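A.B. asks: This is the structure I have questions about; it appears just below.
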Amino acid sequence: MPQESRKTGPSVAFEGVTKRYATSTAIAVEAVSVAIGAGSFVALVGSSGSGKSTLLKMVNRLVEPSAGRVLIGGADVEAQDVHALRRRIGYVFQNIGLFPHLTVAENIAIGLKIDGRRGTGGRVAELLDLVDLPRDFAGRAPDELSGGQRQRVGVARALATEPGLMLMDEPFGALDPVTRDQLGEAIRRLHDRLGLTTIMVTHDMAEALLLADRVLAMDAGRVVADCSPADLVAGRGGAAASALVAVPREQARRLRALEDGRPGSAHG
C-alpha cells in the first residue's frame, strides 16, 4: 500500500534573509522574514525576477544567503551537511531532470541507493502507485513517457526518501493546461495525505489561489503580501498582489462574456 502520513512536515523560517549577487547591482532577495508553519502549503508568486525562486533555493542551499538565515524545524540549514540536508527535502522543478539513460525505476530509486538501501523494487512500486502511474512503467525509459508522466516520476523520486518538506519550483510550467491542472490537484492530495510542508513557486496566480493555503507575493526581492487565497481575491493583499490577481480575474470575465454570447466583450 502507498505510504500514509505518520507525522507533519517541519516548519520553515526565513530570518532577515538577503541575497546579493556580485554580478548585479540589484538585490535578488532583500530582508525577508517569514515563518511557515508545519504542514502548510504555501505558494510563492510574483513576476519574473521578483526573487521567488532564489528564496526557495535557499531552503535546500542551492543558493546561499548573503545575510540572514533559514531554519527547518528550528535548525539552521547552514549548520547541516548539505548532502544530508537535501536528502531530507523533496525537490521538484520544471525541467524534471530525469536521467535519460536510466529506467523510471532507477530514476526513482536514486536517493534510496545513495542512502545505501537495497532491494528498492517494492518501494518503487509503492511510489508509482502514489503518483498514479502503472507499475509496469518501472522498466520504461523517460523518453517513452509524456511530459506529465515524466513529471509524476519526478514527484515520485522526490518522495522516495520520505521527506517531510517538499519544494516545488514552477513544477507544472512546461505542461499543457489539462495535464497541469490534473497534476496540481494530485500534488495537493499528496500534500494532505502525507502531511507534508510544501512550498511552491509559480507564476500562475490562479494555480496559487486554488492549491495553496497561504500565498506570499514577492516584488523586487521583498514579500509584499502574505495572505490566504480568500483575502487576496477580496483585494486585501495590497497593490502588487491585486495586480497579480487581476490577471485570472480578467480571464474569467472574458470567458463569461464568450459563454454569454458576447464575443466582442471578450476582447475589451
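The values are calculated or read from the model by the stated rules, or taken from the named source; none is laboratory data. Note that this is a predicted model, so its numbers are computed, not measured. Methodologically, a virtual Cβ is constructed for each residue, glycine included, from the backbone with ideal geometry; neighbour enumeration extends over all protein chains shown. Only protein heavy atoms, including side chains, enter the accessible area calculation; ligands, DNA and RNA are left aside. Shrake-Rupley method; radii C 1.70, N 1.55, O 1.52, S 1.80 Å.
A.B. asks: List pairs: first in segment 76-95 and farther than 24 Å from THR202 by Cα, second open to solvent by less than 50 Å² (accessible area, probe 1.4 Å), Cβ under 7 Å, 6+ apart or cross-chain?
C.D. replies: Sorted first by the residue in segment 76-95, then by its partner, the pairs are VAL82/ARG61.
A.B. asks: Next up: For GLY221, all conditions in the list (1) more than 18 Å from PHE41 (Cβ to Cβ); (2) free of Cβ contacts under 8 Å to residues at least 60 places away in the same chain; (3) open to solvent by less than 20 Å² (accessible area, probe 1.4 Å) hold save one; what is the number of the exception?
C.D. replies: Result: GLY221 passes all but (2).
A.B. asks: Just one of LEU175, LEU112, LEU183, LEU167 is modelled with pLDDT of 90 or more and buried (at least 18 other Cβ atoms within 10 Å of the Cβ); which is it?
C.D. replies: Checking each option against the conditions leaves just LEU167.
A.B. asks: Ok, one more. Residue under question is LEU244, and the condition is that it be at pLDDT below 85, outside any helix (DSSP H, G or I) and either open to solvent by 40 Å² or more (accessible area, probe 1.4 Å) or not polar (S, T, N, Q) (or both); does it hold? Show your work before the answer.
C.D. replies: Values: at pLDDT below 85: yes; outside any helix (DSSP H, G or I): no; either open to solvent by 40 Å² or more (accessible area, probe 1.4 Å) or not polar (S, T, N, Q) (or both): yes.
No: the conditions fail for LEU244.
A.B. asks: Being of a type in the set (Lys, Arg), open to solvent by 20 Å² or more (accessible area, probe 1.4 Å) and assigned to a helix (DSSP H, G or I) is the requirement here; does ARG117 meet it?
C.D. replies: So ARG117 fails the test.
A.B. asks: Is it true that ASP213 is open to solvent by 30 Å² or more (accessible area, probe 1.4 Å) and of a type in the set (Asp, Glu)?
C.D. replies: Yes.
A.B. asks: Could you go through segment 134-150 and let me know if any residue there is within 25 Å of VAL233 (Cβ to Cβ) and part of a loop (DSSP other than H, G, I, E, B).
C.D. replies: No, that holds for no residue.
A.B. asks: Can you find a residue that is part of a helix (DSSP H, G or I), open to solvent by 10 Å² or more (accessible area, probe 1.4 Å), of a type in the set (Gly, Ala, Ser) and closer than 27 Å to THR54 by Cα anywhere in segment 247-268?
C.D. replies: No.
A.B. asks: From ARG189, ARG236, which residue is surrounded by fewer than 18 Cβ atoms within 10 Å (Cβ to Cβ) and touching a Cys at 6+ places or on another chain (Cβ under 7 Å)? Outline the logic, then answer.
C.D. replies: Numbers: ARG189 fails: touching a Cys at 6+ places or on another chain (Cβ under 7 Å).
One residue alone meets the criteria, ARG236.
A.B. asks: May I pose another question? Which residues, taken from segment 130-148, are surrounded by 17 or more Cβ atoms within 10 Å (Cβ to Cβ) and either among the aliphatic types (A, V, I, L, M) or over 30 Å from SER11 (Cα atoms) (or both)?
C.D. replies: LEU130, VAL131, LEU133, PHE137, ALA138, PRO142, LEU145
A.B. asks: Still on this structure, please answer the following. Given the criterion without any contact (Cβ under 8 Å) to a residue 40 or more places away in the chain and out of contact with any Ser or Thr (no Cβ under 9 Å at 6 or more places or on another chain), identify the matching residue among VAL155, VAL104, VAL124.
C.D. replies: Testing whether each residue is without any contact (Cβ under 8 Å) to a residue 40 or more places away in the chain and out of contact with any Ser or Thr (no Cβ under 9 Å at 6 or more places or on another chain) leaves just VAL124.
A.B. asks: Return the residues of segment 34-49 that are of a type in the set (A, V, I, L, M) and at pLDDT below 95; say none if nothing qualifies.
C.D. replies: Across segment 34-49, the qualifying residue is only VAL45.
A.B. asks: Could I ask something else about it? Would you kindly identify the helices (runs of 4 or more DSSP H) lying entirely within segment 170-236 that contain at least 2 residues that are among the aromatic types (Phe, Trp, Tyr) and in contact with a Phe, Trp or Tyr (Cβ under 9 Å, 6 or more places away or on another chain)?
C.D. replies: No helices (runs of 4 or more DSSP H) qualify here.
A.B. asks: Do we have GLU15 as surrounded by fewer than 18 Cβ atoms within 10 Å (Cβ to Cβ) and modelled with pLDDT under 95 here?
C.D. replies: no
A.B. asks: Among the numbered criteria (1) modelled with pLDDT under 80; (2) part of a loop (DSSP other than H, G, I, E, B); (3) hydroxyl-bearing (Ser, Thr, Tyr), which one does THR161 miss?
C.D. replies: Against the list (1) modelled with pLDDT under 80; (2) part of a loop (DSSP other than H, G, I, E, B); (3) hydroxyl-bearing (Ser, Thr, Tyr), THR161 comes up short only on (1).
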